[in-house]
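Just so you know, all these numbers are worked out from the coordinates, no wet-lab data involved. Here the structure is a predicted model, which is why all the values come from computation and not from measurement. Quick reminder, even Gly has a Cβ in these numbers, built from the backbone with ideal geometry, and neighbours come from all protein chains shown.
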Ligand code: GH3
Ligand code: MG
Ligand code: MG
Ligand code: MG
């Protein structure tokens, strides 16, 4: 390991950010129904954190779900409710499952403390509570929560990166490869048709050559939007390569797919595409090859091959057309 430098901070690394984040002003939900105890805890905690007191355990459960605090501080010895039960409820509801829980207990309550830890309580303090220890343990839990949140965001972003094409927001080729086979199999098993479109922007190289690569990217984004908006939700739209998309249409016959392709072709060709933030408009057309399942042994490969052959004929016979 090595020392963290200032250059490391703010680089999007959640661990570095969590370590650099020493202010740690957390939002804390305090569940305690003993006035003297609650007052002392609030006095200490509110020096560094935003504290909300909720003496009623049922109300606390609602507040925790609605406000998503960084930490719930739960007194295990509530007068009207079993604090352990509250901890267990916090852990069993989706909205509060990930919240930190710090339990407060009487020193002789060892068995309840152990049961609390077993239920997923993150940490505990025994009464009488030392204010410095309270602040230190709360700070640790708030930090842990922040780190866990950032890690979760990073994981989500990574998953998105793996299945979504960054330029167009459509699914990427990897996603298509891993889902196409199952869609074909399922359609064949149910005796339902499935169709495939292969779309390729006409003379796209000349868009790049004439207007520049950034303008080409603008065209690709707009092209992707027009295609996506022309189709139904169950249709899988993926960027297959540079300016080539593949659409997989479950429950769709060849004729219905051809009509959908015509709809796309009309929509792409209708209005010129805005490039360079709308400062210029250029006409764009698309050629589309269509194929549908014909045999029980059809696969993504046989379907793509037939759709590709149709696309080739569309290009050969003048572009801006749909060929089945
Ligand atoms: P055709 O009508 O026969 O399809 O002609 P075309 O010019 O569209 O075909 P070609 O395959 O020769 O050119 C595709 C071009 O797409 C070449 C490549 O530089 C460009 N391209 C591929 N990916 C991107 C991208 O992400 N952004 C931009 N701006 N251009 C891209
Ligand atoms: Mg080409
Ligand atoms: Mg092309
Ligand atoms: Mg191409």
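Hydrodynamic radius of the chain by the Kirkwood approach over all distinct alpha-carbon pairs: 24.4 Å.
With a Förster radius of 22 Å applied to the beta-carbon distance between residue 173 and residue 203, the computed FRET efficiency rounds to 0.45.
Report, in degrees rounded to the nearest 10, the 0 to 90 angle that the Cα long axis of helix 110-119 makes with the longest principal axis of the chain. Compared with the principal axis, the helix lies near 10 degrees. If you bin all the Cα-Cα distances of segment 161-272 at 5 Å, starting from zero, the percentages per bin are 2, 11, 22, 23, 19, 12, 7, 3, 1, 0. For segment 87-165, the C-alpha radius of gyration divided by 2.2 N^0.38 Å, with N the number of residues, is 1.41. Consider a paramagnetic label point 7 Å from the Cα of residue 299 along Cα→Cβ; state which residues of segment 180-214 have an amide N under 17 Å from it. Only 180-189 pass the distance filter.
Nearest 10 degrees, 0 to 90: what angle lies between the long axis of helix 213-229 and the longest principal axis of the chain (Cα atoms)? The two axes meet at around 90 degrees. With the helix formula -39500 (n - 2.57) applied to DSSP H stretches of n ≥ 4, the chain reaches a computed 222 nm mean residue ellipticity of -16000 deg cm²/dmol. Annotation: peptides 239-247, 103-111, 196-204, ranked by per-residue average of other Cβ atoms within 10 Å with the highest first, follow the order 196-204, 239-247, 103-111. Rounded to the nearest 0.05, what FRET efficiency is calculated for residue 27 and residue 271 with R0 set to 41 Å and r the Cβ-Cβ distance? Rounded to the nearest 0.05, the efficiency is 0.25. In the frame of its principal axes, segment 36-95 has Cα extents of 31, 24, 14 Å, reported largest first. The modelled label-to-label distance between residue 115 and residue 233, using points 7 Å beyond Cα along the C-beta direction, is 4.5 nm.
Which stretch or stretches of segment 308-324 have amide N atoms under 18 Å from the point lying 7 Å from residue 285's Cα along the Cα→Cβ direction? The answer is 310-324, whose backbone nitrogens lie closer than 18 Å to the label point.
Relative contact order for segment 231-324: 24 percent, from Cα pairs under 8 Å spaced at least 6 residues apart, divided by residue count.
What angle, in degrees between 0 and 90 and rounded to the nearest 10, separates the Cα long axis of helix 35-45 from the longest principal axis of the Cα atoms of the chain? Result, in degrees: 60. Measuring nothing but how far apart in sequence close Cα pairs (under 8 Å, 6+ apart) lie, relative to its length, segment 280-319 scores a relative contact order of 52 percent.
Counting every C-alpha pair in segment 62-206, the share spaced more than 20 angstrom apart comes to 65%. Full extension of the chain between residue 135 and residue 160 yields a length gain of 5.3 nm, computed as 0.36 nm times the residue separation minus the alpha carbon distance.
Residue separation times 0.36 nm, minus the C-alpha to C-alpha distance between residue 80 and residue 316: what's the value? So the chain would gain 76.9 nm between residue 80 and residue 316.
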